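The values are calculated or read from the model by the stated rules, or taken from the named source; none is laboratory data. Computed from a prediction, not measured in an experiment: that's the story for all the values here. When we count neighbours, we look across all protein chains shown, and the Cβ atoms used for this are built from the backbone with ideal geometry, even at glycine. Only protein heavy atoms, including side chains, enter the accessible area calculation; ligands, DNA and RNA are left aside. Shrake-Rupley method; radii C 1.70, N 1.55, O 1.52, S 1.80 Å.
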Amino acid sequence: MDLLIIKDRRIDYDGSAIRSHWAYRNFGILGDSLVVFRGRCDVKVEEMVDIEDLRLKKEIKGDDMIHYIAEIFWHPDVLLASSLQKLFIARLVEILRDLGVDAEREGDDIYVEGRKLSISIATVSPVSLKIHIGINVSTSGVPREVNAIGLDELGVDALEFMERSGRELVEEYEKVRKDSMKVRWVT
C-alpha cells in the first residue's frame, strides 16, 4: 500500500474523495493507497454514503481535521471494507493510548472521556474498498449536538500524529495482506 502524507497544504474533505481512483486522479497513485491530509470537513448531502446519516439529516462538519482516505483494490466487499475500517480505528486508538490519551473505540468511532474524536465511513466501488476516517484537530465547526473533542485539547501534535498514524496504518494493512497470503486453504 502506498502512503502519501500531505503536510505542505490543506485539502478540504467534502465526501467526494470516497469515490474510486481518487488518489490516482489527484496524486498519480495507482493501486492500494492511504492518503493522509489535513483540512476542513463539510460532507455534501449528495456525497453522503451513510444512509442513516442521510435519513437523520446529520451534518458532518469540522473546521480542522486529519483525513485518511484508503483505497484497496481487493474484492469489493462491504463487509471486508467495514472490518478494515474498524481495524484501522482500533489501531488509531492504540496509537493514542501510547501517547497517553485514554481513548476508546465504540464501533467505528473513537471517544475520549465520552467525547467524540472521529468520524468514519467504509464502502465499496465496483473496483475497490474505500475508507474515510476523520480525526478532529479542533472542535471548531463541529455541529453543536456532537459532544466533540480534538487533538489540540488532548495535547497531541497533529503533524506528528499524521506521520506516525499513517505509517502504522499502512504497516497494519501490510501485515493483514501478508498473513492472508501465507496460509493454504482447507477442503
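Key figures for this structure:
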| read-out | value |
| --- | --- |
| Contour minus Cα-Cα distance for Asp77 and Phe27 (0.36 nm per residue) | 15.5 nm |
| At R0 = 41 Å, FRET efficiency that the Cβ-Cβ distance of Ser140 and Asp179 yields, to 0.05 | 0.50 |
| Over the chain: helical MRE at 222 nm, DSSP H runs n ≥ 4 each giving -39500 (n - 2.57), nearest 500 | -10000 deg cm²/dmol |
| For peptides 61-69, 95-103, 145-153, sequence by mean Cβ density within 10 Å, most packed first | 61-69, 145-153, 95-103 |
| Other-chain or far-sequence residues with amide H under 5 Å of Ile5's (modelled H) | Val36 |
| Prolate/oblate/rounded call for the stretch 70-187, Cα gyration tensor, a/c under 1.5 rounded | prolate |
| 1.4 Å probe accessible area per residue over the chain, in Å² | 54 |
| Heavy-atom accessible surface of the stretch 1-100: percent carbon and sulfur, 1.4 Å | 49 |
| Length-normalised contact order of the chain in % [C-alpha pairs under 8 Å, at least 6 apart] | 23 |
| By average C-beta atoms within 10 angstrom, highest first, the peptides 42-49, 131-138 | 131-138, 42-49 |
| Dipole of the stretch 2-173 [Lys/Arg +1, Asp/Glu -1 at C-beta], most positive-end residue of Ile95, Ser125, Leu4 | Ser125 |
| Entries of Lys57/Lys86; Lys58/Lys116; Lys7/Lys116; Lys116/Lys178; Lys44/Lys86 with Cα pairs more than 21 Å apart | Lys57/Lys86; Lys7/Lys116; Lys116/Lys178; Lys44/Lys86 |
| Inter-centroid distance (Cα atoms) of the stretch 30-88 relative to the stretch 93-171, Å | 12 |
